[in-house]
1. How many residues are in contact with a helix residue (DSSP H, G or I) (Cβ under 9 Å, 6 or more places away or on another chain), hydroxyl-bearing (Ser, Thr, Tyr) and under 22 Å from B:Ala215 (Cα atoms) when one looks only at region B:1-51?
2. Name the pairs whose Cβ atoms lie under 7 Å apart, with the first residue in region D:175-192 and within 11 Å of chain B (Cβ to nearest Cβ), the second of a type outside the set (A, V, I, L, M, F, W, C) and not in a helix (DSSP H, G or I), and 6 or more positions between them or separate chains?
3. Please report, ordered by residue number, the helices (runs of 4 or more DSSP H) entirely within region C:387-463 with at least 2 residues that are touching a strand residue (DSSP E or B) at 6+ places or on another chain (Cβ under 7 Å), closer than 21 Å to C:Met271 by Cα and in contact (Cβ under 8 Å) with a residue 24 or more places away in the chain.
4. Please pick out the residue among A:Ile181, A:Ile225 that is touching a Phe, Trp or Tyr at 6+ places or on another chain (Cβ under 7 Å), within 14 Å of chain D (Cβ to nearest Cβ) and among the hydrophobic types (A, V, I, L, M, F, W, C).
5. Which is among the aromatic types (Phe, Trp, Tyr), within 14 Å of chain A (Cβ to nearest Cβ) and buried (at least 20 other Cβ atoms within 10 Å of the Cβ), of C:Phe194, C:Phe164?
6. Just one of (1) away from chain D (no Cβ under 14 Å); (2) touching a helix residue (DSSP H, G or I) at 6+ places or on another chain (Cβ under 9 Å) trips up C:Gln258, so point out which.
7. Quick check on C:Ile333: is it under 24 Å from the mean Cα position of the chain (by Cα), aliphatic (A, V, I, L, M) and more than 22 Å from C:Ala555 (Cβ to Cβ)?
8. For region C:263-292, enumerate the residues that are in a loop (DSSP other than H, G, I, E, B) and closer than 18 Å to D:Gly261 by Cβ.
Amino acid sequence: MSLKYIGQRILYLFLVVWAASTITFFIPRLSSRNPVRERFAELARMGGFAPADLEKIIADYSRAFGLDKPLFQQYFDYLAGIARFDLGVSLNLYPKTVAMLLWESLPWTIGLLIVTTILAFVIGNLLGALSAWPQTPNWIRGFATSFVMLQGVPPVLLAILLIFFIGFKLKLAPLGGVYSIGTIPEFSLSFILNLLWHQMLPALALIFGSLGGWVLSMRGMGVTIQGEDYVTYAEHKGLGARTIFRDYYLRNALLPQVTGFALALGNVVVNAIVVESIFGLPGVGSVLFAAIRSNDFLVIYGIVLFITMGVATLMIIVELLYPLLDPRIKHT
Amino acid sequence: MAPLLEFKNVSKIYNPGKDETVALDNLSFTLKEEEPTILTVAGESGSGKTTLAMLLLGFISATHGQILYKGKDIDNLRGKEKVAFRKEVQAVFQDPFAVFNPFYTVDHLLEVPINRFKIASNKHEAREKMNEALTAVGLQPDEILGRYPHQLSGGQRQRINIARALIMRPKILIADEPVSMVDASLRANILETLQVLQKDYGVSIIYITHDLTTAFHIADSIMVLYRGSVMEAGGVDEVIKTPQHPYTQLLVDSIPWPDLNRRWGQTDLVPSEDSVIGTGCKFYSRCPHAMDVCKSRPGLFQLEPYQTASCYLYKDKPELKTEALSSVLPV
Amino acid sequence: MFYKIKFLSLSVLLIAAMGLSNSIAQEVADIPREDTLHLGWSLTSPIGTTNPWLAGYTHQQGEALQWEPLSYFGIFTDKEIPWLADSMEYTKDDFTELVIKLNPMAKWSDGVSVTSRDVVFTFEGQKNIGTLPYNAAFNQFMESVEAVDDLTVKLTFNQPAPRFKFEVLTLKFDTGIPIVPAHVLEAVEEVSEFEGGADMPHSGPYSIVSWDVNQKVYDLREDWWAVEAGRIDTPDVKRVVYFNIGGQVGQGMDIVAQRVVNSELDSALDMRSSVIDNIIANNPKVTTHSGDQPPYGYLDWWPNSLWMNTQLAPYDDARVRRAMSLVINRGLINDFVYEGAEIATIYPFPLYPGLQAFVDSPAVKALEEELQPGLYDPDASAALMEEAGFTMNRDDLWEKDGETVDATILGFEGIHSDIVPILVEMLRNGGFDSDVSFVQDAYQQMGDGVAGLYMFGHGASLKDPYAALELYHSRFSAANGTSAGGNRFSRYINPEYDAILDEMAPLSDDDPRFQELAAEALGIYWSEQIDIPIIQWLHRIPYNQTNWTNWPTTANPAMGTNGAFWAHTGMLVITNLEAAE
Amino acid sequence: MSSVSLNQNLIKRPGRLVLLGRYLRRNPSLTIGLAIMLGLTIFTVYGLLTINPKDAYPLAVRPQQPPSWKYPLGTDFFGRDLYPAMVIGLWQTAIIGLFAGALGTIVGTVLGFLSAYFGGILDKTISTICQILIPIPAFLIHVIIAGAIDKRSVTILTMAFVVFMLAWMGPTLVIRAQVLTMKERQFVSVAKLSGMNSFGIIFREILPNLLPFIAAAFVNQVFQAVFASLYLSVVGLGPLREPLLGNTLWSAQSQAAFFNGWWWWPIGPTVALALILASLALINMGIDELANPRIRTSE
């Protein structure tokens, strides 16, 4: 793995972030909307605030947010800000910065996403690999296929159904939130159990929602690998089915899936946006959902950028680790 | 009259610059239309023999030098001449399966050239031509046509390939390891077919192989390449029976001759990494006779009327100009 | 497996640590559930922001428990509720001077007394700081403010300001100003950027003790001045939890409803009629402002109309506006959307006691008889449209010069998604080319007047019709292409109308001439159909009586405030609650 | 050898239909997926011919009615008959899916081909752009685009176009990779020797072999488009009055349909969406097999 290669990848990361920031910057500005004005209008509508001289305040704030500068000046200021990891200020939650919002919401999302993505990855890939493996009993195949069908049920709906039936009707799980109302957060076992207990349904909704994808792609991979000579060869060597499955088939089929892992995180975030808000979890998804609905543009940009950066970085990390998993690959 | 094919100081360099690879180094030879021959190009993988084929077919362009077909540079062929060149220079490739488009039946392989080169004027005639060609290579058209490639044996597929080439009545046929992926029992059959082509149809064949035994059986002359340069060339009899260049000796030595008294593989070919001295003999690092003088590139020394070697062991012999290589190749 | 569980709990611990690292937590006492009030609401304020003068401040997320006004208003009893001030009196007949007397017991939470210095500081700040919400009002009316003594403040106006005391100095619904502590804010350089923090001295009954993104926890102060001053009994509610359900964009209404049913929440944001219906069916302990009967809510000050830009064709033609009104079937709206409750309206203001008296007056009754503003008559509508030069095209839509009537209704999904689709179909059936548009920039489009038709509330009048009628004064009718803020979307211009309003301005609402003029103006509003009144706005808030009783209802108006715990008067609602047996 | 050929001569080659039938029997996922798709198509086409489209919009029928003979799928809060609403919703969802899917696939295929076949700067540019855009979650960009469009002009087709904008990179990279390996295959060289020009090689030699990949990309694109349209509806960025499946679902949710006991309201669009997405997933699974010649040859 050469320095030049790493340099190239870092350059690539920059390009990705630059592309994402450019898209997010310019597209909204193609429209005639003015987020500052919308924000104050929203306040006026909610009745919390009845500014008599809306126009003056809007002008003041537009100046404060740099919206009165020429577009390209704004663009370069924006890029310069990103370079300093300064993602700007939320209009809706002023004076909260986007970085603060991310910092507040990220832990709740990471916790949920890590657990669900890993579980979905492991279970999904195993089921997918099994369903492409000729010796697999039919019921496992059926099971795997049913998860593919489940993928057709959007996690949004799954979340609503889970809350209504498991939470409300059967009273087997809480109806949302991160912990029980009124519990004072502290570092105790009971509080942690409380936290875990509240993650159960959202995790289920997300796992069911993404399992099918893994089953499907792993299955495709498995079908291809099966035709490879080394699997045939291993069979002829008289290795046990279990060994062949694990060492020759699963391992080789899994490799491309690992690259998908980073990309999948990006997609999980999309599901998380809706699932989090349905469960009332204060994660990045909820923040983004609220920002989308109120056109809190800097927050939208910031989160889009952040997710993009995360996905791109993970992709590169996975790519750098790839030679460890697959000795055939060398980065030059 | 210009010769059919002429290589004039042809070199092919990949990635010119720091990491360049010289795939073919200053090669010259000619084939004459009136003297159809079978010329073997032998060498290990990486010797430049495949590059030679690609150059000849016009799939890639030479970095230096010229390849002339009937006196015209093949890179500059246009219109009718280009069509003629396409039609008259044909190839049979190593993998008899890969040449078939899995989407179509094997008919496709034969129909395309017939249509493109307007070899037949109607469907019936086209069918005739196909039958004729298939029969010529020893196949029964009824068994073959309408089938998918995976339904046929390797030997059948390779013969269809030759039939395809045959349909076009080529002047030159490049046979790139045509038998290496075919069952041993069918090899002789295919090689015979090639010989028939040369004799009966007047096709010059460039037979590319790493296998000196088959070369010995069918070729008239041979050119041994190592890292893009000619090590030894001449008549097959001369070169294979009395190899003079240390490299050819190694190659010949490693042939498992069916002679129990003959020991083979006595000397190991020790591959080495830091082999090429930019300006020296390319075989220097592996050569058991390496000498100081070998640090500069040896020329071709003519040993016999039909044998030449590029080695300082023979520096007393008269030196042959690179361009005159063909003079030692019998037809 | 065991390893996995360990890994999971370890990561949860780590994440919880990260998540809680940016929260406020003091030493928190154990307070049992029966002394705690759980409210489901939307929390968006930055953690630690309590200063009412901070840019972007809202009183709706528990802040109303900390900040108090000179006076509250009990809308359902039509009574002023003196608070930090014992009295506020206009001392001149032409409403140009106001004297405020403060309660001597009033104290900030750090023990410092509330004095006239705080009041003067508050008023001057409103006048000088551009970002404050009443900056314009103070600049328009206030001549000077002066501390006569520690407890007396004299406010002088530069013109008659009969409504200033009520509109600005009194807290009701979501309007008015609270008094801020001078001794804290004077020391701050840039008050609009000062966060305040959890321990900022305040006069209200509760202090914040724990705050993260999920909830805000307020505990009762033992030393609240209002109890000592005899304003109120010691509150039963020892702790208030504002739990973040994400508000109108967050957790779905149905799930919040489920949490109310199982008594996790004692109250939450307002809900649709059908949902309240089912909450009560699932848990009979839950009640509403109107008990367990529709309409389940109380009247908000925000009746909704279909507004029109009267400077934009074809809405510049009163016949078209009237024709649209004639295809709105208000009875069907009541049946479809509100379970038969009489919600549809013909007035641009809410029928609170003062306004109810106005519409019940003979003058208004006669006008209503004559103009029939609530009439549903498609034939009459068609006749008007033909008169206005429209013809019915092949799609059964009115058309003039090849253009259909662009009757796309702009509205807000969170609050209009039940009613607007119904209106759209009514208009379509009447031949108007209508569609729904719940765009995020709806309000801006309304303000800019780029589209024709908007669903929006009035939010103006509470006691008398002046504020609502003033919305159509041509003073606010900016030309097309400019922005019309503050709900003045009509851009209506009528000198005759303006003259009536100008005559009303200096008059108090108990002046008979005022009532006469108001009826005249309402007559013009109806005959010109400046906008199409559609519905009264109700707040339907579920009150779970499992833990707490004495919620404000029609039968038990308590101090007469509206029942919204998030409004300025929410503090009075909460402090009046009684523990259930 | 001769006995083998004799045998081959004796077997009568079965017709294409029979082969297709046999193939479908060996490939149950493709069969089931196609069957569901066919069912949905019949439902929609039959529905479109028989319903009164007006019934799919508010105030048409009595509101809040559970399923009955008169209203097979019930009616909703706004007085829409949910059966015609479902028919039209399926139709509109299909338009978005097919339009965005087809556009994404066509653009992807063309770019992939250009990029891989001609190489050079063109290839560098196209593949770099794709690689840069791929890690950016498409949905987020959809949101930004949809948020910036003037909402009154949002139609079913605009929505499809928004979805397409970021749907072409996937197919481009897949097709590019396939063409890259394909053009190194010897049958391409042989076709050249047989006198075929670039045009012929692309369309007659390479393209047919890519059909399974293109089909898989297409199915995948349609899947993504349907999903994206649902989520755009959910965040309120679609054409609201239209009974798009996502819109119906989300309006049911925002009217608390489950809690209010109007279970039939969200169930219809959910089942429909699940069936569409599941059938696409199954077809995708089936095509995988088709795309892999090794699997195809081993019966």
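1. Count: 4.
2. That search, which allows pairs on different chains as well, returns D:Gln186/B:Asp95; D:Phe187/B:Asn101.
3. Values: elements: C:413-416, C:420-429, C:442-448.
Counting at least 2 such residues, we get C:420-429.
4. Working: A:Ile181 fails: within 14 Å of chain D (Cβ to nearest Cβ).
After applying the criteria, what remains is A:Ile225.
5. Details: C:Phe194 fails: buried (at least 20 other Cβ atoms within 10 Å of the Cβ).
Residue meeting the stated conditions: C:Phe164.
6. It is condition (1) that C:Gln258 fails.
7. Values: under 24 Å from the mean Cα position of the chain (by Cα): yes; aliphatic (A, V, I, L, M): yes; more than 22 Å from C:Ala555 (Cβ to Cβ): yes.
So C:Ile333 fits the description; yes.
8. Kept after step one, since they are in a loop (DSSP other than H, G, I, E, B), are these residues of region C:263-292: C:263-266, C:269-272, C:283-285, C:289-290, C:292.
Within region C:263-292, C:Met271, C:Arg272, C:Asn283, C:Pro284, C:Asp292 meet the criteria.
The values are calculated or read from the model by the stated rules, or taken from the named source; none is laboratory data. Just so we're clear, the structure is a prediction, and the values are computed from it rather than from any experiment. Cβ coordinates were reconstructed from backbone atoms using ideal geometry, including for glycine residues, and neighbour counts include every protein chain displayed.
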